[in-house]
Amino acid sequence: MPRSIVAWFAVCWGLFLVAALVVGVLLIALYKETTTQRTDRAAAGIAGACDAIVRESRSPGETDGTTANARYAAAVNGTLEQFAGVEGGVWKTGSGSIAYAFPTYQGSGQKTDLPQAEEPTIRQVVETAATAHRPVAWKRDAGSQVLLIHACPISDAAAGIAAWTMTRVVTVGGRPFLLATTGLAFLLVVLLGSAALLGRVLWRWSQRLRTVEAALSTGAEDLPVLPLTGQRDLDRIVGAINGAGAKASEARRRTESLLQRVADGERLAALGRVAAGVAHEIRNPIAAMRLKAENALANDADRSRSKDALQVVVEQVARMDQLLQNLLRSVQRSEIRRQPVMDIREFLAGHASLFREQAGQRPISVDVPDHFAPVEFDAAAVGGALDNLILNAIQNSHDGAPIMLRAEIEDSRLRLSVSDAGRGVPEDIREHLFEPFATGRPDGTGLGLAIVREVAEAHGGSARVQHRDGGSTFTLDIPIGPHQ
């Protein structure tokens, strides 16, 4: 069903057009049927005239010695006087026309000459009737008129004499044709008038709708106040839109205020989690350094213990420096240097081999489709993210649990995934899994997955996790080509 007023107008116009076409077809069919009936009546008329000529020619002749040809001429002329528009005569095979008359001819004077254009056809029809000794009817539709000829034998086949009659049925210019033409012309006038009226209505509606559309497409955040169009029905819609726009603007302002509050709360919560993580990670090295420093101060005479204490201090400082570097990598996006990687299977296998000993009884396998096309990405950054995912899989699965590295291309994107059959991700950290210091292990820093996320987003992609009953699958999803 139509969903707009303009569409309804178009449907009404289409239905009206169909109705006009149907009526026109019916008028044409009526005209053709009328023409057929007239042709049938004319054919029956000339057949009757031909039979009448035959009867008159076979009646006893005049007693004053009238010749046969004169008798045929008198029979033709006397008979055809009763049939308007019919001409005819008598034809003898081998000799040609021996009698002809057209007593109802509408032209000036009396027509006595056989029609030259139709003479070959008359000869063929008449000689066929005389030879076969049976009546023969012939018809030719010339478009503007239908030519009818009828021949019937007068004597036996040996004599070869037959009578013929001919008439023309005008199909163009006659009364049925004029009626049909008048009806079609009336339909055309009504159709054009209706088209003009509907076209004007459609144009005015389209103009008003375009005005409303232009006002709505200004690109402003709030709905503009639409001017009235002067069309009562459309103005009710405009009023409703203006009212809805005012309510939407107020709702948007309230929503923005709430979103700002939520964002501020989330920012403070994230900052709190980061601060807590930093404090937790730094507190342990500081405590160790304090203890070693106190021991070194308490044992001035033992130089070896002081040296060991200073070594521990240096190591803890290095640990804190590495922690801060990882924290910066997880929150600061570094420049990506893409380079072609020709063999992705070799790339994955190389990083998997780094963890063979650390994996212990956990088999690490690589699944890459054959004929894998070369791709471009920052091999160092992606390799580091992949190392974090492999290490995460090892640390969260028991001995004997398999680890699978996969690579696939789908929709012009490279997907590198690491699947494990481990314990899965705890429910309480899933929402913040890729944030700094989100970890489910007591000895974990929670920075590895944050770095994975930053590497993926730096490539214009994303990092995600799929939680399964028997483990987890971490996926690095990045575009194949350069990120714009």
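The values are calculated or read from the model by the stated rules, or taken from the named source; none is laboratory data. Source: prediction; values computed, not measured. Methodologically, a virtual Cβ is constructed for each residue, glycine included, from the backbone with ideal geometry; neighbour enumeration extends over all protein chains shown. Ligands, DNA and RNA are excluded from the accessible area calculation, which covers all protein heavy atoms including side chains. Shrake-Rupley method; radii C 1.70, N 1.55, O 1.52, S 1.80 Å.
With the structure loaded, tell me whether Gln82 is polar (S, T, N, Q), in a loop (DSSP other than H, G, I, E, B) and surrounded by 12 or more Cβ atoms within 10 Å (Cβ to Cβ) or whether it fails that test. Judged against the criteria, Gln82 is a match.
Note on the range 377-393: residues that are open to solvent by 10 Å² or more (accessible area, probe 1.4 Å) and of a type in the set (A, V, I, L, M, F, W, C) total 4. Residues in the range 85-112 that are crowded, with 17+ Cβ neighbours inside 10 Å, in a loop (DSSP other than H, G, I, E, B) and either without any contact (Cβ under 8 Å) to a residue 40 or more places away in the chain or out of contact with any helix residue (DSSP H, G or I) (no Cβ under 7 Å at 6 or more places or on another chain) (or both): Gly85, Pro103. Residue check: Gln116 meets all listed conditions (1) open to solvent by 40 Å² or more (accessible area, probe 1.4 Å); (2) in contact with a Gly (Cβ under 8 Å, 6 or more places away or on another chain) but one, namely (2). Applying the criterion of being assigned to a helix (DSSP H, G or I) and open to solvent by less than 50 Å² (accessible area, probe 1.4 Å) to the residues of the range 434-457, the residue that is modelled with the lowest pLDDT is Gly448.
The condition of being among the charged types (D, E, K, R), within 20 Å of Asp141 (Cβ to Cβ) and modelled with pLDDT of 80 or more holds for only one of Arg38, Arg55, that being Arg38. A count restricted to the range 388-418 and to residues that are touching a Phe, Trp or Tyr at 6+ places or on another chain (Cβ under 8 Å) and of a type outside the set (A, V, I, L, M) stands at 2. Taking each residue of the range 247-275 that is surrounded by 11 or more Cβ atoms within 10 Å (Cβ to Cβ) and in a helix (DSSP H, G or I) and looking for partners that are of a type in the set (Phe, Trp, Tyr) and at pLDDT 80 or above with beta-carbon atoms closer than 7 Å, six or more apart or interchain, yields nothing.
When we screen Gly94, Gly88 for residues that are touching a Leu at 6+ places or on another chain (Cβ under 7 Å) and small (Gly, Ala, Ser), the only hit is Gly88. When you check Trp164 against the structure, is it modelled with pLDDT of 90 or more, over 26 Å from Arg38 (Cβ atoms), crowded, with 16+ Cβ neighbours inside 10 Å and over 60 Å from the mean Cα position of the chain (by Cα), yes or no? Criteria not met by Trp164. Scanning the range 400-433 for residues that are at pLDDT below 75 and buried (at least 19 other Cβ atoms within 10 Å of the Cβ) turns up just one, Leu433.
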